[in-house]
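Report on one structure; see the data block that follows.
The values are calculated or read from the model by the stated rules, or taken from the named source; none is laboratory data. Since this is a predicted model, take the numbers as computed values, not measurements. Cβ atoms come from the backbone with ideal geometry, glycine included; neighbour counts cover every protein chain shown.
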Amino acid sequence: MKRLLKHPMVDVAMKALSRNRLQTGLTMLGITVGVATVLAMMAVGAGAQRSIEQQVRAAGLNQITIRAGNWKPKQTESDEPIAHQAEARPSTRDPLASQAGRSLRVGDDVVKIAYHPEDDPMEKHDHPTARQRLGDLEAGLGSAATMTFADAEAIRKMPGVQYVAGGIHENIRVHAGEKRWFTRMHGTDVMMPSIKRAWTFTSGRFFTEREQNKAEQVIVLGQVVVDRLFGAGASPVGSAVLLWNQPFEVVGVVTSATWVVQPAPGDDQFDAVYMPYTTTQRLLNLSKLNDITVTSESSGDVSRLSRDITKLLRQRHGIGDKDPDDFTIITQAAKALTTGGLPPGIARAVAGNVAELEKVTLERLAVTMERASRTMTWLLAAAAAVSLLVGGIGIMNITLLSVTERTKEIGLRMACGARRKDVMRQFLFEAVVISAAGGLIGVVIGVIASFGIARSLRWATVVSPLSVLIAFGTAAAVGVFFGWYPAKRAAQLDPIVALRRE
Amino acid sequence: MIGVQDLAKEYHVGDHTVHALRGITLSVAGGEFVTIVGPSGSGKSTLMHILGCLDSPTSGQYLLNGRDVSTLPHDELARVRNETIGFVFQGFNLLARTSAVENVELPLLYTRKGVVKASERRDRAMAALEAVGLTDRADHHPNQLSGGQQQRVAIARALVTQPSLLLADEPTGNLDSTTSHEVMEIFADLCKQRGLTIVLITHERDIAAYGTRTVDFKDGLIVADIPNSRRNQSAVLA
């Protein structure tokens, strides 16, 4: 590239262009307008697409939670037949063959007790020790110690996966000086704020990857916890709190970004504290995860992804064809249905008996909306591309004109030793320089226009690097394409005829 | 330097065949200053184009510095034009809106022996301008120069690649007589000082007299080829 820029013909082309500034400028304008329009239209289209996606995602439709263990909620005890777990059958395998299998078979008997005491933050109970809690047959009903960090890593590598966060959850007491508060502890992944889009940090930050890697004793407090321990409006970042008699440095305070969800005592997000899951594993001497939260890149992809995750985990955990899963997959879509307006009984019946119901409804809707907005983007871009084409024809027109106008110059250059390819290159470079420079200006104007549209029409616009690349690349390609023919004509000129031309 | 043997050139214009050259045999030694005279349509320009490697003959042989150039491909001909030949035209053919020195640099953009650096191009162009006495007009554009000055810039451009052969096609055709003689002095000087071989077309006898030898053309044939020393004698005798 550098050698190409130093090519003497580039110099020749630049000089020739600067000799005809007005002509060069007007030709450039054609390309500039084309590129700017393409860019602005794509930004409008992408903006619409993004806002649809955001609405769909804010509903959590692309979220999948995989919990260790396979049990069903306490409430379903009475309407037994609908449960997915009904498939579970005692295995004929050697009881010692797999840890997962064994715990589950035992789980079969206790399946109806099912609700892990810790899943209810408001429940008053004595805390079992960590050893009792995870992987323990008695207490670990829902928290079977079957899922590992390696599982999370494997899921992370699957196509269509956006974020993955492994989690360990405990109920703990947080001490700050004299005060203490009983709350939820989430040992989680740095990815969590990306998954929880409705989060905002009133002060400080989330813990970092580095802190996670080093399993440092840092903690992010939910707003409710801060209010209780430090008083409303206090900023505890930098101060220390005690958990399990271990000091933790407070690095941030998290609260809800929307008025829809307000932090309240007892909720799972803001009456809670967050630390790197590695820290939890280190302090509690654990190697298992309670759950893995996954988001899919596309909200229409949730069912397929859940299916693939099931397949992957069954394979990783060595579960035979006839054995039940040792994990439970919960999609937000299904959850929305069961916690929505429907009477719980009916909702559960629907969710339990109609396989992939969410796919037919919410997911379908998401897919359709996505497709519609994508179509609109391309439609707008195509309309804009026409103006780019017109700009390209302008380039051809001007280059042809300048070949005719400068026939004598071409003859002279040939007499002075220019080869056909030298002449060809000069005119091609001229066309490309016009289109590239025009394209560059077009990109700038297009970006400004996109922001202008966003501000004045209140229409979200998204200028992606890809669309900039497409617009600019097309402009350069237009230059080469439409510059080719005139340049070829110039190169084919007979020097004698060219020199005689007046 | 130049050896031309039975050179013929035919053009086809519709059904007609125009015989521009009908078998020319001519040799020019190094350092000679040959002027070619003849009426329009006598084929002298065609000969010039062939000598300048801008055109190839229909038949016959053209040896330039002992090399047969009548059958070379396009790119090779371009190379010969660049390295061996310098052209001066009747209409000057300078690039408009381009300074004199940049005009002179032009052939250096097409050298084959590696790219000539910008600074070296400038130095060599200035040296060529100095040879025609125009150093002080280097930054002037053609429209700021007189006809004679423009033709001198064109001569500098022809010299900048240090060719061994200079071809001039009616270089004084657009100039008044005083300027014509100034320009011809430059050609005569170049021949004498630098030993440059020059072939120059004109239809004015007094211009032709600057050469060491004059060749007369008529209907595509050479009708006379006499050294100017003898010509002057015969003029005196007549």
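Structural remarks
- Residue list for the stretch A:466-499, restricted to those being over 12 Å from residue A:432 (Cα atoms) and without any contact (Cβ under 8 Å) to a residue 40 or more places away in the chain: A:466, A:469, A:494
- Flag if residue A:24 is at pLDDT 85 or above, within 14 Å of chain B (Cβ to nearest Cβ) and over 30 Å from residue A:314 (Cβ atoms): yes
- Of the residues B:93, B:103, B:65, B:143, the single one that is of a type in the set (S, T, N, Q) and more than 13 Å from chain A (Cβ to nearest Cβ) is B:65.
- Condition check for residue B:164: more than 11 Å from every other protein chain (Cβ to nearest Cβ) and more than 27 Å from residue A:419 (Cβ to Cβ): no
- Selection count where residues are charged (D, E, K, R) and more than 10 Å from chain A (Cβ to nearest Cβ), scope the stretch B:38-62: 1
- Restricting the stretch A:191-217 to residues that are surrounded by fewer than 18 Cβ atoms within 10 Å (Cβ to Cβ) and aliphatic (A, V, I, L, M), the residue that is modelled with the highest pLDDT: A:215
- Residue among B:136, B:75 that is surrounded by fewer than 14 Cβ atoms within 10 Å (Cβ to Cβ), within 11 Å of another protein chain (Cβ to nearest Cβ) and modelled with pLDDT of 90 or more: B:75
- Test result for residue A:412, within 14 Å of chain B (Cβ to nearest Cβ), crowded, with 23+ Cβ neighbours inside 10 Å and of a type in the set (A, V, I, L, M): yes
- Total residues in the stretch B:42-65, condition exposed (fewer than 15 other Cβ atoms within 10 Å of the Cβ) and either closer than 19 Å to residue B:110 by Cα or in contact (Cβ under 8 Å) with a residue 60 or more places away in the chain (or both): 1
- The set of residues in the stretch A:285-320 being surrounded by fewer than 17 Cβ atoms within 10 Å (Cβ to Cβ) and touching a residue at least 60 places away in the same chain (Cβ under 8 Å) consists of A:285, A:287, A:297, A:304, A:308, A:312, A:316, A:318, A:320.
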